1. Need the failing condition index for F43 against (1) modelled with pLDDT under 95; (2) on the phi > 0 side of the Ramachandran plot, just the number.
2. If I ask for residues that are free of Cβ contacts under 8 Å to residues at least 40 places away in the same chain and more than 17 Å from T79 (Cβ to Cβ), which ones from segment 38-55 would you list?
3. Which ranges mark the strands (runs of 3 or more DSSP E) fully within the chain that have 1 or more residues being touching a Gly at 6+ places or on another chain (Cβ under 8 Å) and open to solvent by less than 60 Å² (accessible area, probe 1.4 Å)?
4. Report, by residue number, each residue of segment 1-15 that is more than 12 Å from G75 (Cα to Cα) and either touching a strand residue (DSSP E or B) at 6+ places or on another chain (Cβ under 9 Å) or among the acidic types (D, E) (or both).
Amino acid sequence: MTVKAHMVSPVDMVAYLLAGAPTGTTVEAIVARLTAQDPIPVFHKIALRDIAAGETIHRGGWSIGRATQDIPTGGHVHTHNLVSAYSTSKDTQ
């Protein structure tokens, strides 16, 4: 099974899945073909490359937040490992 992922720019660090992907599913984005390292629900983000804890995550040329832990290529990117750029300062501490 192959799931498509949507990117805005070829330099995006994450892509949105267009269908849910169980662990081990092949995910195809414009610039990469990778394997889901976690179960990822539809419309959630997948890491297109390794992302280090503390690194700012970009999509479409904009910061969407900061990684709170290391995220491997193919990892699920969501509120469990990302502090949103749209959070209040209280949420980011």
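The values are calculated or read from the model by the stated rules, or taken from the named source; none is laboratory data. Source: prediction; values computed, not measured. Don't worry about glycine lacking a Cβ; one is built from the backbone with ideal geometry, like all the others, and counts go over all protein chains shown. Please note that ligands, DNA and RNA were not included when accessible areas were found on the heavy atoms of the full protein model with its side chains. Shrake-Rupley method; radii C 1.70, N 1.55, O 1.52, S 1.80 Å.
1. (1)
2. Within segment 38-55, R49, D50, A52 meet the criteria.
3. Because the criterion is at least 1 residues that are touching a Gly at 6+ places or on another chain (Cβ under 8 Å) and open to solvent by less than 60 Å² (accessible area, probe 1.4 Å), the strands (runs of 3 or more DSSP E) in the chain that meet it are 2-6, 26-28, 33-35, 45-47, 56-59, 62-67, 82-84.
4. Passing the criteria: M1, T2, V3, K4, A5, H6, M7, V8, S9, V11, D12.
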